[in-house]
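The numbers here are math on the coordinates, done by the rules we state, and not lab data. In this text the structure is predicted, and so the values were computed from the model without any measurement. Glycine also receives a Cβ, built like all others from the backbone with ideal geometry; neighbour counts cover every protein chain displayed.
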Amino acid sequence: MKLRRFRSKRGQSLVEFAIILPVMMFLILGMLEMGFAINHNTSIVTATRQGARVGSELVDGVDRSGTHLESVASDSVDPQIIAAVEGVLISVGSPVNISQVQKIEIFLTTNGSMSATVNTWIPAPGHTGPQVPGTSPAQYLDFKPQAGGTWNTWQRNGAAPAQQIGVRITYTYKFITPLGAILTAFSSGQITMVDQTVMAMEPPTP
């Protein structure tokens, strides 16, 4: 009689374990996936910040104080912004897959929101974009300007009231853990991440 009860309890424990195990695995995979996603998002945030910082310094490309960053041709301002963004995305330790970046937008803003005055850069796989300014031997960007940009560099102004420049990245994060395969049955198995940084243009040197 006691042996039968022992077997009954052991069988009950196995059933309970079989029920709980998938839930526990789902939670563990969810935590791991969240950690990976946060890591990717952190790199994107850093990249938009770096791009906006460079754009804020370069303004319209006119030499204002003689420093290296500001002594650039107007037509190389946006390529330098993109180069700064790309440098972060492909840096050592960055988990970002640059081929999953949908677009990078450089835009004018007055309230933090993206206006219609925007230059959009799209993927140019295989380093087929414009040359990275100042590189010798020449290096080329993984992004190229999309036709129809509406914000010419010469229009940018750092004098009071200073304009604000924004850099925005749209990125497709694809699930890394097996959780992605599970969720693919219910969704696309990926998340679209969007981050932007806005900074005021640096004023001219007195």
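Subtracting the Cα-Cα distance from 0.36 nm times the residue separation, let me have the gained length for MET31 to ALA116 in nm, one decimal. Intermediate values should be presented prior to the final figure.
Working: separation 85, 0.36 × 85 = 30.60 nm, distance 3.83 nm.
The span from MET31 to ALA116 would gain 26.8 nm if fully extended.
Given their separation in residues at 0.36 nm each and the Cα-Cα distance between them, SER188 and GLN131 gain 17.0 nm when the chain is fully extended.
The calculated pair-distance distribution of region 72-154 uses every alpha carbon pair, bins of 5 angstrom beginning at 0, and gives 3, 14, 23, 25, 18, 11, 4, 1, 0 percent.
For the peptides 143-149, 77-83, 104-110, the ranking by packing is 77-83, 104-110, 143-149, with the highest mean count of neighbouring Cβ atoms within 10 Å listed first.
Judged by the mean number of other Cβ atoms found within 10 Å, the most tightly packed of the peptides 160-173, 114-127 leads the ranking 160-173, 114-127.
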